[in-house]
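Presented below is the structure to which this report refers.
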Amino acid sequence: MTEPGATVGFAAGATGREAAATLEAGFALQTGGLADGPLLGLPLTELWYGLVFFILGTFLFLDGFDFGVGAIFATRSEASAREQLLAAIGPFWDGNEVWLVVFGGALFAAFPAVYANLFSRHYLLMFAILGALIVRGLAPEMYEQRHDETWQRWWGRAFVVGSVAAPLFLGIFAGNWLLGSTALVSLPSVVVGVALVALSTAGGAAFLGLKTRGRLQQETAAYGPKALVAYLALVVVAVGYLFATRPDLRGDLLSPVALGLVGASVVLGAGYVVAMRRESYVGALAATAGLTYGLVALVAALLYPVIDPVAGLTVADAIVSTLPLNLMSIGAALLLPLIFAYFVVLYAAFWGPVEEGEGYAGE
């Protein structure tokens, strides 16, 4: 004879299983809709390709002027000036590096095969980039621990080395990616790396124009136009080298998109020089933003529709399936505005100039 309690328990268990089955069926219907095709009929494959490079450009611009400040740091010998330069980037650099993590996450989520191929193919270069970023981040912290001349001299040098090596290695990585090179370094990728160092220096000079005053502002800003001219010259050399040695890229280099990006870079470069001479440092910093995004867009345009030249993977081949792509797109639409809002608040809170005597991280 069945106990009443057992009957009730069985009924409750059955009800629970039915509810779970109903929830699973509902989720299956919802995800089934997401698996049927792109969300809202959008070209998500191309949008994610553009988003990955946009995030890379955002990192290279925001952390780029941090790198530039580190390069200009090498020209300062006065302790007070060095403290001001460190204080200028103190609230920002670690937040700016978040965009590198976002880039890696977006590349892994949308194009996992490309992520695996690139990072395994350039394993040593990835470690070199991470090493440079670690040294760049550690050096200011250690610099402030002891006010000993020898100690601060060596950690100051470490800060400069990390700040210059990081954009150099990042540029080499971008050049290798575009050219489909499996070598650790190549001549055109080194040219791209040095060009990125020059562009970062130009951005750093414009940023210091906003964050410093007086003689320090004038002396650091003077490096900007020189670095910008060097950047444009190196870009011309890189594009000319590709045109001469890579017949497969000549058509892309002469396309309206590529020519338009090169022309826009020249106009932005001229605008940067004019803005620096007029001490319009916001305009100069905006010009470096345009130049950075333009450089990344040129790499993306020359690659497309291929995304991994060595493996022969096109964007359509490498993208994840429809369901995860749709789910990631919903997540990105929710999270990216929050990230941008955080950076707006961060820069608004620390926008003003650094006063003489102010130390790293507001000390």
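Every number here is computed from the coordinates shown, using simple stated rules; none is lab data. This one's a predicted model, so the numbers in the text were calculated from it and none came from an experiment. Virtual Cβ from ideal backbone geometry, glycine too; neighbours counted across all protein chains shown.
Worth pointing out:
- Label-point separation in nm, residue 257 to residue 343, each point 7 Å along Cα→Cβ: 2.2 nm
- Chain lengthening between residue 321 and residue 355 when straightened (0.36 nm per residue, less Cα-Cα): 7.0 nm
- Longest segment of the chain lacking trypsin sites (Lys or Arg not before Pro) that sit in a DSSP loop with at most 11 other Cβ atoms within 10 Å: 1-145
- Labels on offer are (i) 52, 51, 46; (ii) 95, 54, 37; (iii) 106, 70, 32, and the one holding Cα extents along the principal axes in Å computed from this structure is (ii).
- Averaged over residues, the count of other Cβ atoms within 10 Å places the peptides 317-323, 203-209 in the sequence 203-209, 317-323, highest first.
- Computed lengthening from residue 330 to residue 222, 0.36 nm per intervening residue step minus Cα-Cα distance: 34.4 nm
- Cβ crowding within 10 Å averaged over residues, with 90-103, 55-68, 325-338 ranked highest first: 55-68, 90-103, 325-338
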